[in-house]
Each structure stands twice: as C-alpha cells, then as structure tokens.
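Note sheet for the following structure.
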Amino acid sequence: MKMVRLLWHDYRYFPYERGLAKREARALFGRAPQEDPDGLALQGACECEDAPSRLTYFKAALAGQVLVVPDQAKLEATGNGNGSAWEPARQPIPSLHRQCTRYSAHGLHEYRGKFNPQVVRAIGNLLRLEPGAWVLDPFCGSGTTLLEAAHIGWNGLGVDINPLAVLIANAKIAAFNASPDEFDRECEALAKRHDAAVDGLDCQEHLPEHGYLQKWFPLPVLRKLNAILHAITSTRPAPLQDVFRVILSDIIRDVSFQDHADLRIRRRKDPAQDYPAVELFLETLRAKVASVVRARKHIQPKEGAIQYAIFGDTRDIYSVTWPVTARRRFQAFDAAITSPPYATAMPYLDTQRLSLAILGLIESRELRHGEKRLIGNREIQDNERLYLEEELRTNAAQLPENASRFCRHLLALADDPKHGFRRRNVPALTYKYLADMGSMFASTHRVIKAGGGYALLVGRNSTTLKGKQVLIDTPALLADVAQSRGWRLEETLTFETYHRYDVHQSNSIREEALIILRAN
C-alpha cells in the first residue's frame, strides 16, 4: 500500500498550526494521518487527486518517488525573508526560514487587524471547498480571503463598508491578475514620469480636500504626491492605476505630520518641513511589484474564477449590488470565511483618514459619520448611549439570553461615578455590536446554501470596570448570537495569535478562536 509523507517546514509552528495541518490532511486525504519524524504520514491512495498541492502547512508531499510542492509553499518561497529566489530546478523543495504572510499581493498595503492568509486556505480545506466554489467574506477588509480565493481558484465576493478597504482588496486582485511583463513595464514607466512638471502642476488638481491636507502634510510633500497621482493617470491598463494608488496610500503616514506609531489623530512631536515622498514611493513600488511578479512565476490566476470586493453593508446583504458577472453565475454561496470586527473595534477610518482624503474616497467632514456606520465602532454620544442602554434593558434586539445577561452585567459594573466616558460606554457599545452582528448573521444566512459553512476567526478581549478585569468572550457570544439567527455551531477551535497592531494592547488577549457554523 502506497505511503504519502507530508514534510514539515523548517521554521517553528504554533501548536494550532500543527493541529490545523492534521485536520486538513484528514479532510483532503480522507483518513487520519500518523506522526512521522519529519511530518505526517498516510497510508493508501488519495481520495482527492490534487490533495498534495492544496496543503497549507507542509513544504512537500512524497508518494514513493513522486514529489509535490504545495502551492502554499511555492507562494511563501517567493516572499521576502525566504530568499525570494527559489528555483525548483536547482532546489526541488523550498527551504523557508520563516512563515511568510505578505507573499504575492498580500503586502500591497498594510491593514490593521487583518488575519493570517494561511488560515484562509486551511479553512477552505476543512470546509472541503473545491476550486470553483463560491465564497463570501462579509467583512473583507483589505482582501485576504479574496486574494487567497484568486490563488486557489475559488470565486470570491467580499463586502466592506470602508471604501479604502474595498479599493485595497480590488487592487490586490488586479495586481495578481495583471500580466507580469506588463506590470513590470508600467511600474518602470511610472518611475520615469513621476516627477514630470512637478512645479508646473496645480497642487490641487489631483488632491481633493486640499485645505485639510495642508494641515497634515508639508507643502513640498503635497506637490510630490500630486505629481505622483498625476503620473499614475497615464497608466494602462486602467486597473493598474488603482494598484499604484494603493501603493502610494501605503506610504502616506510616513510622509505626513501624523505620528506614525499612533493610530489616532496625533501629530509628530518634531515634524520636518519635507519628506522624501518620491524616493519612498518608488522604492516601495518596485518592491511590491516584484513580490507579485515572483509569485506569478509559480501560481497563475485560475481561468473563469472571479474575485471582487463591493462597498456595502453586510447587515443588509440584499442591498449589496453584486457584479453582473457574478449575478449570472450563482444562486448562493458555498461558504463564508471572515475575520470580523470586535466590540469597540479599531478606529479604521481615523487610522486611514489621510489615505481616504488623498485618494478622494471620503470627505474629512464625513469621517465621523462614516466611522459610526462601522460595526463595533466606538463613536457614541451620551444621548445614543442612554437610548442603547434602554434597548439593552429590554433586549429590543432579541439577543439570546447569555448575551443579553452579559450586557446587563456590564451595565451594572459600569454604573460607577469614577468611570470616564469610555468605560461608561462599554455596555451600550457591546450590546450594539452584538445586535449588529445578529443582523449580519441573519442577513448572510439567506445567501449561504443549506449546509454551507461559515468560518469566523475572532479574538477575546477584556475591559476594566470597577477596578476589575472583565473578559469579553467574543467567540462564545457570537456563537450564541449566530445560533439564534439560524446557524448551527459545528465547533470552536482556540488559536494562539500572532502579534497584531491594536489600539487596545493592554486589553487584548493573545488568543483567538475559529468558529465554524453551518447553515440550517
């Protein structure tokens, strides 16, 4: 009987990664793997012919004399820090120094709180998603799930209410789908024309919100940014314009008066009167284009599959306008994969306000209103808090009893004159978050096939009320809310987390949970 050996990478794994590796091996090969000195071993033929190439956490699969390098290992071998010049002819099995999460177009733009792309592929294997499956990401953010869908061959549609997130997600897909030669050529053409007639351009021509931007950038930097944006408009094909605009957005905070280390609105203590915006942009541009081109040497876009991010509110999925190509081809999604926001979430629009303004995605006066529309936001006035507290007491959103009781417990603890407005707001904001997530669960249930899976990776956090730390067990609360909205809880897996950028470092817990639901 043939034996298949799955070989571990040389880098250190988190325990949850080894656990996921065993689970996906069982899902793909149809039987439980056994421990092997260098990885895992399975007896017998594969139930899934392409199982070895679909593995996430192994550098190679050996079946007798046949060697298969999984697509994920190929992608990670192209990432910075892994040599990035892996050539199968010289080295059949890639030797990775560390796990890479910014391979291909994943590193096109930093995005706070995004999740590990390896988890997306592993979840797809656990859910037994085949190439061609339709996958929804209700909180697509910067497009981690969508780009993995492009690598794997799923049809992926994502929804987000943050316009910058939607732009980044679609730019990642456009970058991966671009012809490598054309991508390289347009990159170099842009580099040559970036500084043409800088002084002759009207500084406001390509910079909306000019008055607002002058408060946050030196005038010489605004001239440079304007020249870069002007040069980008000559890029062809048009989708690459958004790719280059997103790469420019990724350096914006570095060349502004904003304190780079602070996610809130805070100026540098010693701002300069000029920054090397052009040099930084060109260096970043070439590095990010090279990353995508390297990935394309080993992984090609899958013919016929589409991936697209849409601006919309996932609490009302039927209000979302799907692309025409998608509407013609599917009736319901096979599964959903996402990393949702937390209660009192990161201030995404505040953090990204300079990019939003530079790219003309939202006016500065609309930032506060836009932030309030996000699920899990922290923006609330006293009158809104009082209204929500009354809804909390009567459970107007009809949350399950455990969730409702927890919110009432928070309300009792928050009733302390020593608390500032942030702590007083916690019960109302937590209740609103759970009510909004309830709307999302009910909405997405309507577009997932019966029996379809929904995987959410979300963490626990905590708050301090009356001098005591209070755990907010978000995974357990969301599981209860989901079950009250038509979903069945299949299982919950606990993960140790990678370090994430978080404005609430002191209240974060280095642990996340993977919730797997099924549509009834």
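Any read-out appearing in this document is the output of simple, stated calculations on the displayed coordinates, not a laboratory observation. Quick caveat: nothing in here was measured; it's all calculated off a predicted structure. Using ideal geometry, Cβ is built from the backbone for each residue, glycine included, and neighbour counts are taken over all protein chains shown.
What order, most packed first, do the peptides 28-35, 226-233 have when packing is the mean number of other Cβ atoms within 10 Å of each residue?
Values: 28-35: 15.0, 226-233: 20.4.
Descending packing order for the listed peptides: 226-233, 28-35.
What is the extension gain from Tyr13 to Arg408, computed as 0.36 nm multiplied by their sequence separation minus the C-alpha to C-alpha distance, in nm to one decimal?
Details: separation 395, 0.36 × 395 = 142.20 nm, distance 4.02 nm.
Taking 0.36 nm per residue and subtracting the Cα distance, the gain is 138.2 nm.
Specify which residue in the list Trp322, Pro301, Val289 is farthest towards the positive end of the charge dipole of the range 277-345, using unit charges on the beta carbon of Lys, Arg (+1) and Asp, Glu (-1), about the Cα centre.
So the residue we want is Pro301.
Check Gly376: other-chain or 5+ apart residues with amide H under 5 Å from its amide H, H built from backbone geometry?
none
Glu110 versus Gln65, label points 7 Å from Cα toward the beta carbon: distance in nm?
Those two pseudo-labels are separated by 5.1 nm.
Could you tell me the relative contact order of the range 3-100? Use alpha-carbon pairs under 8 Å, at least six residues apart, and round to a whole percent. Write down the numbers at each step before the final one.
On the way: 167 pairs, mean separation 29.3, N = 98.
Value for the range 3-100: 30 percent.
What FRET efficiency comes out for Gln91 versus Arg185 if R0 is 25 angstrom and r is the Cβ-Cβ distance? Round to the nearest 0.05.
0.30
Just need log10 I(q)/I(0) for the range 70-200 at q = 0.13, 0.14, 0.21, 0.22 Å⁻¹, Debye formula, equal scatterers on the alpha-carbon atoms, no solvent, rounded to two decimals.
So the normalised log intensities are -0.64, -0.73, -1.30, -1.36.
Could you rank the peptides 326-336, 157-167, 292-302 by their average count of other C-beta atoms within 10 Å per residue, with the highest value first?
Details: 326-336: 16.4, 157-167: 24.3, 292-302: 18.5.
In decreasing order of mean packing, 326-336, 157-167, 292-302 become 157-167, 292-302, 326-336.
Given H placed on each backbone N at 1.01 Å, which residues far from Phe333 in sequence or on other chains put an amide H within less than 5 Å of it?
Ile448, Lys449
Using alpha carbon coordinates only, what is the Rg to Rh ratio of the chain, with Rh defined as the Kirkwood radius?
0.98
Quick one: Cα centre-to-centre distance for the range 406-421 and the range 282-303, in angstrom?
50
Averaging sequence separations of C-alpha pairs under 8 Å and six or more residues apart, then dividing by the length of the chain, give the relative contact order as a whole percent.
This gives 14 percent for the chain.
Ordered by residue, what ³J(HN,Hα) values in Hz, to whole numbers, does the range 130-141 give under the Karplus form 6.51 cos²θ - 1.76 cosθ + 1.60, where θ = phi - 60° and Gly and Pro are x?
8, x, x, 5, 9, 10, 10, 10, x, 10, 6, x
Going through the cross-link list Lys59/Lys297; Lys114/Lys432; Lys114/Lys302, which pairs have a Cα-Cα distance over 19 Å in this structure?
Too far apart for the 19 Å limit: Lys114/Lys432; Lys114/Lys302.
Under the definition of Cα pairs under 8 Å and six or more residues apart, what whole-number percent is the relative contact order of the range 177-296? Each step should come with its number before you reach the end.
Values: 115 pairs, mean separation 38.3, N = 120.
The normalised contact order for the range 177-296 reaches 32 percent.
What is the set of long-range amide H partners of His9 at a cut-off below 5 Å, with H atoms built 1.01 Å from backbone N?
It is Lys59, by chain and number.
Where q = 0.18 Å⁻¹, what log10 of I(q)/I(0) comes from the Debye formula for the range 367-520, counting one point per Cα?
Computed log10 I(q)/I(0) values: -1.20.
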